[in-house]
Each structure stands twice: as C-alpha cells, then as structure tokens.
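The values are calculated or read from the model by the stated rules, or taken from the named source; none is laboratory data. Worth saying up front: this structure is predicted, and the values here are computed from it rather than measured. Every residue, glycine among them, receives a Cβ derived from its backbone with ideal geometry; neighbour counts consider all protein chains shown. Ligands, DNA and RNA are stripped out before the accessible areas are found, and what is left, the full protein with its side chains, is counted by its heavy atoms. Shrake-Rupley method; radii C 1.70, N 1.55, O 1.52, S 1.80 Å.
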Amino acid sequence: MIRTIKLGTTEAEKTEADRKVRHTVEVILEDIAARGDAAVRDLSARFDNWSPPAFRLRPDEVQSLIDSLPDQVITDIKFAQAQIRRFAEAQRDALRDIEIETLPGIRLGHKNIPVNSVGCYVPGGRYPMVASAHMSVLTAKVAGVARVAACTPPLNGVPPAATVAAMALGGADEIYLLGGIQAVAAMGLGTDTIAAVDMLVGPGNAFVAEAKRQLFGRVGIDLLAGPTETLIIADDSVDAEMCATDLLGQAEHGPTSPAVLLTTSRRIADAIEAEIERQLAVLPTADIARVAWHDHGQVILCDSDDELLSEADRIASEHVQVLTRDPRWFLDRMTNYGALFLGPETNVAYGDKVIGTNHTLPTKRAARYTGGLWVGKFLKTVTYQQVSPEASAMIGEYCSRLCAIENFAGHKAQADLRVRRYGGRNA
C-alpha cells in the first residue's frame, strides 16, 4: 500500500500559479518584441536594478573579473570543467554519422550538424550559479556550436566574477550581464544590440522556463528546466540524517523546489520531520529551504521496492537519489527520471557542481519523454539520399504506384519522370 504522509501543494494551486506566471511572461515578451532594447533596459532596471551603458562585457572587463578571483577558484572551475568536458566529449564520440547502401545504387545517410548559434541562460539572483555556465556553454562548444551567447544577471548590483570566469573559460563568444525573462527574450527574439540565436538553453526559475516555452518554435529549446526537484528513494539501510540532508540540499534552491521522500522504512518516515527541523535550525539557507519543504515537500511510505519503483516513475523527478541496498536494481528498471544518483556515496550536489554529468535536467514530469541537456541537444541529425540512375528507375515504379494510392498526382509525376528518364538504360 502506498501512503502519503505529507502532502505538498495541490494540483489546483500549481495550476493557478502557472497561470499567473504564463500571463506575466506573455506581457513581457510582447513588450520586448515591440520595443526591443528599450524594453530590455527598463526590465533590467526594474527587476535587477541594473542599467549599464552596455549589457555585453568587453574582453578587458571579462579578464579583469577573472583576475579578481583567487587562484584556487580558477583552479576549481577548471577542474570541474575538465570533468564535464571529458564526459561530453565521450558522448559526442558516441554520435556517429552513417551512410549505408540499402539496395544496390541507393545510398542513405545521416549527419550530426551543430546548431549555428545558441543562447545560454545562467541563473543568478539568489545564488551565483557558476556550474550552470559549465553545463551549457562548455557543452555547446564541445558539440561544435560556432556562436555561444551567454547571459547571467548581476548579483546585488555587481557582476558575478566567478560566473563570468566560468562562461569565459567554457568558451562563450559573447557575455551579457542580463537576467530573467528579458535575457531569454533578448537572445530568442533579438534586439538592435543582441543578435537572435537559433536555440535557447539553461535552467532558471518558473518565469525563465515559461519564457522558453513561449518562445519555442521561433527558436529551439533544450527542455523546460524550471525550479529544482529532488526525490529520495530510501530503504532501511540508510538513516533520516542522510535523507534530510539530501532533501534540504536541493530545497534550498528556491521556495518552489519540490523535495520528496519515498521510502519503505517506517522508521525514516516517522523521523524525517524532526530531523529536518533539527537541520533547518542550523542551515544558513533555512529561510528558503523551510518554505520549499513546508509547501512542496512530501513523504510517501511504500511496502515494497516494486511500489517504490511505480511511484518513482509516476513522479518522474528531475533528480533521483537511490539510497537502498541495491541501487542498480532501480537503474535497471526505472524509466522516468532526469538523472539517477546511485547509492549513499554520491549525491545531487556532485552532479550539480563537478562530477561531469550535466545538471540541466527535465522538471514538471517532463522526464517521461525527454532526458537532460547534453551534446546531442546541440546537434541536428539530418538525413540525405543519393540514388544511381538504375536504382532511380526501379524505386520510382514503387513510388509511382504508392502515390497513386494516395491520389498525389504531383508526387506521382516526380517518380514517373525518373522512370521515363532512367528506365531504358539497361534495355
């Protein structure tokens, strides 16, 4: 039996919140489409108290910010980027162009072509999200994207030096100090000072995710990566301290970040609330994590691993930590998740910051139909065909008859022309 011990925000409340976000974004996108840079500047001043002479950082400004950082910070950024680059390069190597001869004289193939230009949104505001620069900018460059524009908001009215350094070291061609909907819209729609991109990527709050959703079609997007979600799957081989630590470690992202404990242990289910309160009493980010847990936290008690599995696939969480005796049992069976973290030795923070897998992942149950950001998201797999004259006459006869079945006279004419032109070559 599956029992929900603690229930978060209801679906009706989520729907109403989404409606308000959707309306806000619609109005702002219309304003930017109409007024361009003027609207972007007004919004930046309103939301970030930021209206510099130019939003784009000059190379000397970028270098000055890099030089302002301690050597250890630069070393750590380079270490993290090395791990992410190594895994991304391995993923890229797994994607091969192909060409095969399906019948004599008929050659079919596909090529993996990088998107020409990408806009990377690197969140800021509450926290300087240095790692998001690695995940988007660096991965796009490994994929072969020629132009990468990157936006991040100022932090308390000043450029976030470490984030800018990560963007630059990751290979960004253009760096803008610009945040929120206005950043995503400027890159997606284009303005007089920011050339439009072909694709938008990167995580963000609910407004950024909604802006990407509304811009999809005019530009490509990676996925709808909204407020962070975490799911802990636990049996009685672990304890409430680890479960609470890992739940709060993601709840601190923001007040709307869901954190769910799914367990077969009555001991952990009964102890989790007290343990979370104990940790919140000393956690520096408790003001945020407490709201997230109170409004969006859940505790679900199951009787078996099979029930854990079915609930986990139903929830389809962005991050799933498997704290069980046999975590690979879930790896072999789970189908809906953004990323799995197998065993107590690893955790979401490793994936978020340094280990090498990408941290831009699907939220709001999008894991049912997509994975996260990776080099393949920046590549267009396009097909081609080339046919010999003899093969054209042969395949054309089949095509002609199939077009006639569907009453496509113009299609049939294309095939019939090739049959007439090339059909007599072996006569």
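What tally of residues in the range 362-385 results from selecting those that are buried (at least 21 other Cβ atoms within 10 Å of the Cβ) and of a type in the set (Val, Ile, Thr)?
2
So which residues in the range 308-321 are in a loop (DSSP other than H, G, I, E, B) and charged (D, E, K, R)?
If we filter the range 308-321 for residues that are in a loop (DSSP other than H, G, I, E, B), which is where we start, we get 316-318.
GLU318, the sole residue that qualifies.
Would you check which residues across the range 88-112 are surrounded by 14 or more Cβ atoms within 10 Å (Cβ to Cβ) and β-branched (Val, Ile, Thr) and list them?
ILE106, the sole residue that qualifies.
Condition check: within 28 Å of LEU361 (Cβ to Cβ) and surrounded by 19 or more Cβ atoms within 10 Å (Cβ to Cβ). Does TYR127 satisfy that? Don't jump to the end; show me each part of the working.
Numbers: within 28 Å of LEU361 (Cβ to Cβ): yes; surrounded by 19 or more Cβ atoms within 10 Å (Cβ to Cβ): no.
Answer is no for this residue.
Need the failing condition index for LEU231 against (1) out of contact with any strand residue (DSSP E or B) (no Cβ under 9 Å at 6 or more places or on another chain); (2) part of a strand (DSSP E or B), just the number.
(1)
If you scan the range 62-75, which residues turn out to be part of a helix (DSSP H, G or I) and surrounded by fewer than 16 Cβ atoms within 10 Å (Cβ to Cβ)? If you could, list the steps in order and put the result at the bottom.
From the range 62-75, those part of a helix (DSSP H, G or I) are 62-67, 71-75; that's our starting set.
GLN63, SER64, ASP67, ASP71, GLN72, THR75, listed by residue number.
Of all helices (runs of 4 or more DSSP H) completely enclosed by the range 322-427, which ones contain at least 1 residues that are under 30 Å from LEU95 (Cα atoms) and at pLDDT 95 or above?
Details: elements: 327-333, 348-353, 389-405, 409-422.
Fully inside the range 322-427 and qualifying: 327-333, 348-353, 389-405.
From the list ARG85, ARG46, pick out the single residue that is open to solvent by 70 Å² or more (accessible area, probe 1.4 Å) and at pLDDT 95 or above. Before you say what the answer is, go through the steps one by one.
Numbers: ARG46 fails: at pLDDT 95 or above.
Answer to the selection: ARG85.
Please determine whether any residue of the range 46-61 is of a type in the set (A, V, I, L, M, F, W, C) and farther than 25 Å from GLY190 by Cα. Walk me through it before giving the result.
Restricting attention to the range 46-61, the residues satisfying the condition of being of a type in the set (A, V, I, L, M, F, W, C) are 47, 50, 54-55, 57.
With farther than 25 Å from GLY190 by Cα added as a condition, the list becomes none.
Scanning the range 46-61 turns up no residue that is of a type in the set (A, V, I, L, M, F, W, C) and farther than 25 Å from GLY190 by Cα.
Please name all residue pairs, on different chains or six or more residues apart, with Cβ atoms under 6 Å, provided the first residue is in the range 386-404 and is surrounded by fewer than 16 Cβ atoms within 10 Å (Cβ to Cβ) and the second residue is part of a helix (DSSP H, G or I).
These pairs meet every condition: PRO389/TYR422; GLU397/VAL419; ALA404/LYS412.
So, in the range 2-54, exactly how many residues are of a type outside the set (A, V, I, L, M) and touching a residue at least 40 places away in the same chain (Cβ under 8 Å)?
Of the residues in the range 2-54, the ones of a type outside the set (A, V, I, L, M) are 3-4, 6, 8-11, 13-16, 18-20, 22-24, 26, 30-31, 35-37, 41-42, 44, 46-53.
Now drop any that are not touching a residue at least 40 places away in the same chain (Cβ under 8 Å), which leaves 3-4, 6, 8-9, 18, 22, 24, 26, 36-37, 44, 47-50, 52.
The total comes to 17.
Between a residue in the range 90-113 that is under 30 Å from MET394 (Cα atoms) and of a type in the set (S, T, N, Q) and any residue that is open to solvent by 80 Å² or more (accessible area, probe 1.4 Å) and part of a strand (DSSP E or B), which pairs come within a Cβ distance under 7 Å, given they are 6 or more apart or on different chains?
ASN112/THR381
If I go through the range 222-244 residue by residue, how many of them are closer than 22 Å to ARG328 by Cα and under 24 Å from the mean Cα position of the chain (by Cα)?
Total meeting the criteria: 5.
Would you mind finding the one in LEU308, LEU331 that is open to solvent by 10 Å² or more (accessible area, probe 1.4 Å) and more than 13 Å from the chain's Cα centre (by Cα)? So that I can check it myself, show each step before the final result.
Values: LEU308 fails: open to solvent by 10 Å² or more (accessible area, probe 1.4 Å).
Being open to solvent by 10 Å² or more (accessible area, probe 1.4 Å) and more than 13 Å from the chain's Cα centre (by Cα) holds for just one of LEU308, LEU331, which is LEU331.
Taking interchain pairs and intrachain pairs at least six residues apart, which have beta carbon atoms under 7 angstrom, with the first residue in the range 334-348 and closer than 15 Å to ALA234 by Cα and the second of a type outside the set (A, V, I, L, M) and open to solvent by 50 Å² or more (accessible area, probe 1.4 Å)?
LEU342/ARG328
Return the total of residues in the range 267-305 being farther than 17 Å from LYS6 by Cβ, more than 26 Å from the chain's Cα centre (by Cα) and not in a helix (DSSP H, G or I).
So the count comes out to 6.
Go through the range 202-221 and give me each residue that's open to solvent by less than 10 Å² (accessible area, probe 1.4 Å) and within 14 Å of THR363 (Cα to Cα).
If the condition is that a residue be open to solvent by less than 10 Å² (accessible area, probe 1.4 Å) and within 14 Å of THR363 (Cα to Cα), then GLY202, VAL208, LYS212 are the ones that fit.
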